[in-house]
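Working notes, beginning with the structure itself.
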Amino acid sequence: MRTIAYLLQKEFVQIFRNKQMLPIIFGLPIVQLLVLIHAATFEVKTVPTHIVDGDKSGASRHLVERFVSTGYFTVVQFSESMKLGEEDIKRRKATMVLVIPPGFEKDLLTRGAAKVNIILNALDGGIAGIAQSYAAMIIAGYSQEIQTEIMSIAPPSAQTQAAASGNTMLAVRNSFWYNPELNYKHFMLPGILVLLVSLVGLFLSSMNIVKEKEVGTIEQLNVTPIKKYQFIIGKLVPFWMIAMFELAFGLTLGKLIFNTPIVGNVGIIFLSATVYMIVVLGLGLFVSTVTETQQQAMFIAWFIMIIFVLMSGLFTPIESMPPWAQVVTLFNPVAYFIEIIRRVLLKGATFGDIERQWWSLVAYAVVIIMIAVRRYRKVSD
Amino acid sequence: METTTTIKPDERESVITTEQLTKRFAKFIAVDAISFSVKKGEIFGFLGANGAGKTTAMKMLTGLLSPSSGKASVAGFDVYKQAERIKQNIGYMSQRFSLYEDLTIAENIRFYGGVYGLSRTTIADKTGALLQRLQLEHARNALISSLPLGWKQKLAFSVSLLHEPAIIFLDEPTGGVDPITRRQFWELIYEAASEGVTVFVTTHYMDEAEYCDRVSIMVNGRIEALDSPRGLKERFHASTMDEVFVTLARPSA
């Protein structure tokens with residue numbers, strides 16, 4: 001116990017003597033929360049749109065008006081040629097081309113139906129998908145409005161045709177639970193907190209241990225009677241404490257700045273973080289056993305981090321990954337902790353609700369610590 | 001600085017003994033069945049060209065590396081079964097610097113004293129005595145990184161003696177330091193030896209080899225010669241240890 005106390009004392013003196021450390025501990029959460037949270041949003045604010053109005057009628061102008069008035073679409077060009085529209089997409093001037101063919105109004109009035117064509121640059125599938133659904137909503141709203149008008153003014157033949165084609169209106173109204181305003185900041189903040197504690201835990205712990213190898217002091221430690229478990233506790237506990245502090249600090253910032261809802265019990269979050277940080281620090285210890293320099297450790301840690309984060313459901317929903325990738329996420333501790341923290345913060349999940357994820361983290365912690373401890377050796381072969 | 005000791009080494013008890021101690025790596029044999037013993041209070045020089053296997057042998061004796069075969073005991077403990085007991089009884093100073101650059105002198109002493117289980121008051125007493133002996137009282141709270149290399153080496157040596165080990169292993173302790181500091185360093189070594197500490201030292205400086213009670217010379221993983229410096233010079237008809245070393249080590253170099 002005394003040995004561990006001396007190890008901890010040494011670590012804390014070294015950590016806080018490092019001039020980069022305090023800016024990292026306090027700067028990282030502030031930057032991540034204030035900057036990343038705005039960058040990591042899927043809201044598409046303005047879609048540059050090229051409008052090809054081949055009809056130039058009251059009806060077509062009315063439709064264009066509806067697009068513009070939503071504020072989601074900015075018209076970069078009006079033209080009458082599909083070719084010009086396509087060129088704008090190629091030259092990346094426009095993301096979407098709305099094509100209203102000649103005879104649009106006439107078709108509407110005589111047949112009760114007309115076609116519009118929407119061309120999207122789907123290089124970024126996310127933006128294209130969202131623009132497409134916005135456009136579909138606008139067109140549906142327009143057709144509903146026009147339908148009522150046609151019903152009242154169109155000749156009986158058109159009315160029957162519309163009825164025959166089964167074009168009865170279904171109004172779909174969405175209600176979004178747990179995040180009613182679809183506030184992306186509320187959705188992203190818990191995930192970004194996970195990113196924050198993972199970064200701190202993985203990078204700082206692995207680089208700290210490897211540094212002892214790099215400068216040669218590890219050899220000196222290995223000829224002392226320090227036991228393996230004492231060394232590991234002495235190395236991991238400081239970063240565990242720093243990560244827990246970061247989590248509390250980040251949650252406070254989120255509450256103060258973004259008014260992030262904290263619906264559930266914060267205790268569950270810290271209980272989960274306790275286990276999750278053991279997983280992350282175990283990984284850090286493992287990385288330090290397979291590397292010799294801080295540079296190597298940083299590279300490996302970065303590699304692990306990127307894969308874990310991209311496959312965690314932080315930026316893209318796990319449900320939309322291919323089945324094999326979904327299986328891979330079962331081995332991703334980041335995914336479990338993100339799910340726990342989102343559900344507890346936004347939905348008010350109880351421990352029972354997140355029990356499966358919690359036990360997965362516990363199992364992960366046991367396995368990773370066992371592997372890392374086996375690999376860390378005082379005596380080499 | 002000739003040794004004036006009158007006790008014949010052979011009459012004292014052995015604190016290090018090895019028998020056919022061997023270390024095999026995948027491709028080559030780094031240490032090839034070496035057998036020797038070191039007596040209590042002796043200054044034992046462990047010489048050899050770079051890559052001759054000195055550091056590997058020393059790592060096996062300090063419990064940093066497990067041997068492939070053969071026997072060895074250090075301070076009465078078996079290197080296979082009692083490596084942790086050995087560690088409490090030895091000091092070690094490696095050629096790579098062993099103190100923490102970002103801690104002060106006092107913090108380094110406190111840390112190493114602490115992990116060897118010294119009490120708080122013992123650590124305080126030892127810190128004072130150590131700083132006084134090295135005339136570093138004014139630098140108690142100076143970071144190690146701010147000290148000149150010679151001071152660091154003397155300090156590292158003294159810190160490795162904090163827990164009063166029976167044996168101290170020094171791996172090229174004077175590499176890169178000036179001749180005056182080297183001389184001071186050897187004064188510290190003599191002081192430790194006179195207090196009964198066995199000194200096991202590797203070096204590339206042949207004048208330092210002259211300071212040792214006995215010297216072994218390793219060539220290609222084997223001990224090719226082991227005697228007092230005077231005995232070796234007589235045997236190889238050489239006037240200096242330098243000539244002895246070159247005669248022996250040349251075939252491998």
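The values are calculated or read from the model by the stated rules, or taken from the named source; none is laboratory data. Keep in mind that what you see is a predicted model, and the values were worked out from it rather than measured. Here Cβ is always computed from backbone atoms with ideal geometry, including for glycine, and neighbour counts include all displayed protein chains. Please note that ligands, DNA and RNA were not included when accessible areas were found on the heavy atoms of the full protein model with its side chains. Shrake-Rupley method; radii C 1.70, N 1.55, O 1.52, S 1.80 Å.
Quick check, is B:Ile90 β-branched (Val, Ile, Thr) and in contact with a Gly (Cβ under 7 Å, 6 or more places away or on another chain)? No. For region A:84-100, the count of residues that are over 30 Å from A:Thr316 (Cα atoms), surrounded by fewer than 15 Cβ atoms within 10 Å (Cβ to Cβ) and not assigned by TED's automatic domain parsing to the domain that holds A:Thr316 is zero. Looking across region B:52-85, the residues that are within 9 Å of another protein chain (Cβ to nearest Cβ), touching a Gly at 6+ places or on another chain (Cβ under 9 Å) and touching a residue at least 12 places away in the same chain (Cβ under 8 Å) come down to B:Ala83, B:Glu84. Every test in (1) facing chain A (nearest Cβ under 9 Å); (2) part of a loop (DSSP other than H, G, I, E, B); (3) farther than 30 Å from B:Asp242 by Cα is passed by B:Arg96 save one, and that test is (3).
If you go through region B:105-147 and keep only what is surrounded by fewer than 20 Cβ atoms within 10 Å (Cβ to Cβ), more than 8 Å from chain A (Cβ to nearest Cβ) and outside any helix (DSSP H, G or I), you end up with B:Ser119, B:Leu134, B:Gln135, B:Leu136, B:Arg140, B:Asn141, B:Ala142, B:Leu143, B:Leu147.
The one condition from (1) over 27 Å from the mean Cα position of the chain (by Cα); (2) surrounded by 13 or more Cβ atoms within 10 Å (Cβ to Cβ); (3) not acidic (Asp, Glu) that A:Gly58 does not meet is (2). Within the option set A:Val52, A:Val31, being open to solvent by 70 Å² or more (accessible area, probe 1.4 Å) and aliphatic (A, V, I, L, M) holds for one residue only, A:Val31. Considering (1) surrounded by fewer than 19 Cβ atoms within 10 Å (Cβ to Cβ); (2) at pLDDT below 95; (3) touching a helix residue (DSSP H, G or I) at 6+ places or on another chain (Cβ under 8 Å), the lone condition that A:Thr274 does not fulfil carries the number (2). Assessment of region A:7-26 against the conditions (more than 14 Å from chain B (Cβ to nearest Cβ) and open to solvent by less than 70 Å² (accessible area, probe 1.4 Å)) yields at least one matching residue. Looking only at residues in region B:14-24 that are open to solvent by 20 Å² or more (accessible area, probe 1.4 Å) and not polar (S, T, N, Q), the one that is farthest from the chain's Cα centre (by Cα) is B:Arg24. Of A:Phe231, A:Phe286, all but one fail to be within 14 Å of chain B (Cβ to nearest Cβ) and either buried (at least 18 other Cβ atoms within 10 Å of the Cβ) or assigned to a loop (DSSP other than H, G, I, E, B) (or both); the exception is A:Phe231. Against the list (1) at pLDDT below 70; (2) under 29 Å from A:Lys56 (Cβ atoms); (3) surrounded by 15 or more Cβ atoms within 10 Å (Cβ to Cβ), the condition A:Ile153 fails is (3). For region B:39-53, check the following and say yes or no: at least one residue is over 30 Å from B:Thr121 (Cβ atoms), open to solvent by 10 Å² or more (accessible area, probe 1.4 Å), at pLDDT 90 or above and among the acidic types (Asp, Glu). For region B:39-53, residues over 30 Å from B:Thr121 (Cβ atoms), open to solvent by 10 Å² or more (accessible area, probe 1.4 Å), at pLDDT 90 or above and among the acidic types (Asp, Glu): absent.
Restricting attention to region A:13-55, the residues that are over 33 Å from the mean Cα position of the chain (by Cα), in a helix (DSSP H, G or I) and of a type outside the set (S, T, N, Q) total 2. Residues of region B:198-253 that are open to solvent by less than 30 Å² (accessible area, probe 1.4 Å) and at positive phi: B:Gly221 alone.
Scanning region B:25-38 for residues that are closer than 20 Å to B:Ser14 by Cα and either crowded, with 24+ Cβ neighbours inside 10 Å or within 14 Å of chain A (Cβ to nearest Cβ) (or both) turns up just one, B:Val38. Considering A:Phe67, A:Phe73, the condition of being touching a residue at least 60 places away in the same chain (Cβ under 8 Å) and in contact with a Pro (Cβ under 9 Å, 6 or more places away or on another chain) is satisfied by A:Phe73 alone. Of all residues in region A:25-46, those satisfying the criterion of being of a type in the set (A, V, I, L, M, F, W, C) and modelled with pLDDT under 70 are A:Ala40, A:Phe42, A:Val44.
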